[in-house]
Amino acid sequence: MEESVLSHKNYSELEYQHLLYKTYYRDVFRSVYYIVHSIDTAEELTNEAFLKAFQKMNTLNDSDKFKQWICVIATNLAKNYLKKNNRIALTEDIETVLQVSEQQFDIVSMEIEKEEERKIVRDILDKMNPEAKQIIMLRYYNDLSYQSISDELNMKMGTVKAKINRAKKQIHDLLVKEGVNHGKE
């Protein structure tokens, strides 16, 4: 699907922008949400990222890198939002389940466990420095290659790999500090 989206010759500029928006909105929103932990703020910043990207579209040399480019724009907006508002992102609590049939209990239990794991990951990410958090988000939440991250952040690939390894060690150390078991019981 990505190749057909990126070959914009068959579309007007507005149709092409709409197609890019529909194709990449979820990825961009997710990147921003993991930083700000607010649906309303994430939606606002995601839309702002698309506006900025569309205004500067002529500066993008390789349309195949639109996803990486828009995700970097969005994560930078999110980081700047947090700095500007001088606040710590709050995580959302899972809604309380009031009535659950026995058949649904296992499904709900698994969802609660997943949400608890997500909360642990969000908490760990919130404790990381912004640069480490950004590089982890680009690599593992946006599935960018080392080369794509290198290109987008204007870093040598070796530097990207080293920063990712340091960030992973920081995550491990924070997990140990928090007493998280890593699945070993």
Any lysines whose Cα falls less than 19 Å from that of residue 133, other than same-chain ones fewer than 8 residues away, would be 67, 79, 83, 84, 119, 156, 161, 163, 168, 169, 177
What is the spin-label model distance, in nm, from residue 120 to residue 65 if the labels are put 7 Å beyond Cα along the C-beta direction?
3.7
Ranked output for segments 54-65, 33-44, 11-22 by mean other Cβ atoms within 10 Å, highest leading, reads 33-44, 11-22, 54-65
FRET efficiency for residue 159 and residue 129, Cβ-Cβ distance as r, R0 = 22 Å, nearest 0.05?
0.90
FRET efficiency estimate (nearest 0.05) - Cβ-Cβ, residue 147 to residue 169, R0 22 angstrom
0.50
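Every number here is computed from the coordinates shown, using simple stated rules; none is lab data. Owing to the predicted nature of the structure, the values given are computational and were not obtained by experimental measurement. Cβ sites come from the backbone with ideal geometry, for glycine too, and all protein chains shown count toward neighbours.
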